[in-house]
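First the structure, in the form of structure tokens, and then the observations on it.
The values are calculated or read from the model by the stated rules, or taken from the named source; none is laboratory data. Source: prediction; values computed, not measured. We place every Cβ from the backbone using ideal geometry, glycine too, and count neighbours over all the protein chains shown. The area values use the complete protein model at the heavy-atom level, side chains included, leaving out ligands, DNA and RNA. Shrake-Rupley method; radii C 1.70, N 1.55, O 1.52, S 1.80 Å.
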Amino acid sequence: MNDKELAPKVMALYGAVIALLREGADLNNVTVAEIATRAGIGKGTVYEYFSNKEEMIAQALFHELKADCQQMYGLISREKDLYEKMNLVLIRMEEKMAEMNCFVRTMQIMLDNSVISSRMREMAENKKEEDILVTDVIRKIIDDEGGTV
């Protein structure tokens with residue numbers, strides 16, 4: 001599902017979750033009320049879209065990860081050689097250094113034993129073909145250079 005297919009309230013909730021993550025909030029302890037307030041919607045409205053807090057947070061993080069990887073995939077596709085592709089990746093990482101802590105924290109969440117991490121791993125395992133994740137970006141670089149993954 002792309003951003004145009006998502007309800008504006010869902011996008012607001014996703015934005016609120018990502019903002020809280022960037023501010024250093026512990027997403028396992030943040031409340032639905034905090035997220036809803038940040039998104040500018042009522043707490044009850046959250047449950048019209050998500051069955052629980054963990055589902056909402058996992059979907060928000062997965063959505064953000066997919067969007068970042070999709071953008072990187074598109075940029076890499078325009079580069080002609082391995083040097084330019086890797087240079088692009090490194091430059092993008094430097095540009096996003098302020099958000100890097102957010103990315104690292106997202107990876108930590110995916111690897112811990114929380115309900116959120118279980119849900120995110122499930123979503124990664126069941127991703128649609130058009131969904132692009134980190135492994136797809138790496139595979140693109142290798143395939144373009146004639147390698148195999």
Probe 1.4 Å, all protein chains present, accessible-area order of Y14, Y83, Y47, Y73, largest first: Y83, Y47, Y73, Y14
Three-way shape call for segment 30-74 based on the alpha-carbon gyration tensor, with the a/c threshold at 1.5: prolate
Calculated [θ] (222 nm, deg cm²/dmol) that DSSP helices of n ≥ 4 give over the chain, each run adding -39,500 (n - 2.57): -23000 deg cm²/dmol
Derived scalar couplings ³J(HN,Hα) [segment 72-80; Karplus, 6.51 cos²θ - 1.76 cosθ + 1.60; whole Hz; x for Gly, Pro]: 4, 4, x, 5, 5, 4, 7, 7, 8
Pair N113, E145: separation of 7 Å Cα→Cβ label points (nm): 3.8 nm
Most to least accessible of T37, T45, T135, T31 (protein chains only, probe 1.4 Å): T37, T135, T31, T45
Extension gain, T31 back to T135 (0.36 nm per residue minus Cα-Cα distance, nm): 34.3 nm
Computed label-point distance, nm, for sites N87 and Y49 using a 7 Å Cα→Cβ extension: 4.1 nm
Pairs beyond 26 Å (Cα-Cα), from K53/K140; K9/K127; K66/K140: K53/K140
The chain: angle of helix 115-125 to the longest principal axis, Cα-based, in degrees nearest 10: 40 degrees
Kirkwood-based shape ratio for the chain, expressed as Rg/Rh from alpha carbons: 1.00
